[in-house]
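The values are calculated or read from the model by the stated rules, or taken from the named source; none is laboratory data. Because the structure is a prediction, the values reported are computed rather than measured. Ideal geometry is used to build each Cβ from the backbone, glycine not excepted, and the neighbour counts take in all protein chains shown. Surface accessibility is based on the protein's heavy atoms, side chains included, excluding ligands, DNA and RNA. Shrake-Rupley method; radii C 1.70, N 1.55, O 1.52, S 1.80 Å.
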Amino acid sequence: MKNLMLIFGGQSSEHEVSCVSATTIAKAIDKAKYQVYLVGITKEGKWLLADSVEQMQTGEWRDSKKQAVLSPDATGKELLILQGESVERVKIDVAFPVLHGLYGEDGTIQGLFELAKIPYVGCGVLASAVSMDKVYTKIIVDKLGITQAQFVDVRKEQFADMEAVLNRVEEKLSYPVFVKPSNAGSSCGVTKAEDRNALKNSLLLAAEHDNKILVEETIVGRELECAVLGNGEIDASGVGEILAAEDAAFYDYDAKYNNAESKTVIGPDLPEGKEEEIRSCAKQIFKAVDGRGLARVDFFMENGTNRIVFNELNTLPGFTSISMYPMLWGAKGLSIEKLVQKLIDLAKCRG
């Protein structure tokens, strides 16, 4: 039997969602093949061992007396479990990080796995880092010739001359615009600005999350998503559509996880050829960032023109009961258990 380390929680704003996603995945892992070690990272950054999935669900793991630390020593590939004066050393065969957002989806923990030479699920350091950074994702996609929203990137240090920043945005984009921290997950810190004063306030809010900020033109259209899976040879799922609640300004964090009116539709009715265009673009983008394992690629279909417009790339999409990624593969006949096993298999042959 192999030892699998499942890591969840984390120091990002998506800590709670990570715990829910990890619970789904933990239940789907084949216990006949893997001894699963559940390692939770608190919001403060402490690594603790959870004794059961139930502790993950209740939050009791945060009171665990067992500290779990992954050693970067490549000769050992060990998880160190510390309790009092005792140290238990567990050889880890594969790691499954279920950490959304900063410090989990941005290449940082992937770098630790690389140091320890432990196979792991998902994208590597480069793909994780550039995909987490919205500005650099835009730069890469520009090279592919795939249509995306026009944008202006802003740095926090430029706020010393805020008037110049506002002028630069207004010279290229028309209101309303979306203002996003370049590195933040699940729409945290994202706002829609209707005028110059709102733009200033939005920039200040986004700067609380990151020093680099993306300002984008507003694309009015349907929100469509596609799941990709594989190493080198990439498979793309069908397309799903997000129907945000009517009272949601856009599909933000609250609309995703707290608003029962928001819905997902698998296999929506689309104009001829649009699903295949989305699937093709999703695979091109995933390959361009050197993606491995999995990702969800998000698009708009613009009202009136039916243009397919790239929105963003998520290298560790949600695995909650309402998450699009497992639902899209489920529609293709890949159960959550088979999907999780496929991701583990891909981790072991990522080279």
Handout entry: Scope region 268-286; condition of a type in the set (K, R) and within 19 Å of the chain's Cα centre (by Cα); matching residues
Key = R279, K283
Practice task
Return yes or no: is S131 in contact (Cβ under 8 Å) with a residue 12 or more places away in the chain, polar (S, T, N, Q) and part of a helix (DSSP H, G or I)?
Solution key: yes
Exercise for the section: Select from region 209-221 the residues that are of a type in the set (A, V, I, L, M, F, W, C) and open to solvent by 10 Å² or more (accessible area, probe 1.4 Å) and write down the one among them that is farthest from the chain's Cα centre (by Cα). Expected result: V220
Practice task
Take the residues in region 71-105 that are within 27 Å of the chain's Cα centre (by Cα) and open to solvent by 70 Å² or more (accessible area, probe 1.4 Å), then tell me which one is farthest from F319 (Cα to Cα).
Solution key: P72
Problem - region 237-253, subset more than 24 Å from T305 (Cβ to Cβ) and open to solvent by less than 50 Å² (accessible area, probe 1.4 Å), residue modelled with the lowest pLDDT - result: D252
Problem - Subset of region 286-306 [touching a residue at least 12 places away in the same chain (Cβ under 8 Å) and out of contact with any strand residue (DSSP E or B) (no Cβ under 6 Å at 6 or more places or on another chain)] - result: K287, A288, V289, D290, G291, G293, N306
Handout entry: Any chance P268 is under 17 Å from L243 (Cβ atoms), open to solvent by less than 40 Å² (accessible area, probe 1.4 Å) and either without any contact (Cβ under 8 Å) to a residue 60 or more places away in the chain or in a helix (DSSP H, G or I) (or both)
Key = yes
Handout entry: Search result, residues across region 292-320 that are closer than 27 Å to Y120 by Cβ, touching a Ser or Thr at 6+ places or on another chain (Cβ under 7 Å) and not charged (D, E, K, R)
Key = A295, F310, L313, T315, P317, G318, F319, T320
Problem - Any pair with Cβ under 9 angstrom, 6 or more apart, that starts in region 47-60 at a residue that is farther than 15 Å from H15 by Cα and ends at one that is open to solvent by 40 Å² or more (accessible area, probe 1.4 Å) and of a type in the set (S, T, N, Q) - result: L49/Q67; L49/Q83
Practice task
Return a yes/no flag: does region 133-150 have any residue that is in contact with a Gly (Cβ under 6 Å, 6 or more places away or on another chain) and either under 19 Å from T42 (Cα atoms) or modelled with pLDDT of 95 or more (or both).
Solution key: no
Practice task
Quickly run through region 1-31 and pick out the residues that are open to solvent by 10 Å² or more (accessible area, probe 1.4 Å), aliphatic (A, V, I, L, M) and either free of Cβ contacts under 8 Å to residues at least 12 places away in the same chain or under 22 Å from K66 (Cα atoms) (or both).
Solution key: V20
Exercise for the section: Those residues that are modelled with pLDDT of 95 or more, open to solvent by 30 Å² or more (accessible area, probe 1.4 Å) and in a loop (DSSP other than H, G, I, E, B), I need them from region 172-208; list them, please. Expected result: S174, Y175, P176, E194, D195
Problem - Count of region 324-335 residues which are surrounded by fewer than 21 Cβ atoms within 10 Å (Cβ to Cβ) and under 18 Å from the mean Cα position of the chain (by Cα) - result: 1
Practice task
Check off (1) surrounded by fewer than 15 Cβ atoms within 10 Å (Cβ to Cβ); (2) assigned to a helix (DSSP H, G or I); (3) modelled with pLDDT under 95 for K256 and give me the number that stays unchecked.
Solution key: (1)
Practice task
Test K338 against the stated conditions and say whether it is of a type in the set (K, R) and either under 13 Å from the mean Cα position of the chain (by Cα) or buried (at least 16 other Cβ atoms within 10 Å of the Cβ) (or both).
Solution key: no
Exercise for the section: Inspect region 198-216 for any residue being closer than 23 Å to I285 by Cβ and among the β-branched types (V, I, T) and give the result as yes or no. Expected result: yes
Fill in the blank from the handout: From the option list G293, G304, G318, single residue qualifying as part of a loop (DSSP other than H, G, I, E, B) and surrounded by 21 or more Cβ atoms within 10 Å (Cβ to Cβ) is G318
Handout entry: Residues that are small (G, A, S) and either surrounded by fewer than 23 Cβ atoms within 10 Å (Cβ to Cβ) or closer than 27 Å to E216 by Cα (or both), drawn from region 106-143
Key = G107, G111, A116, G124, A127, S128, A129, S131
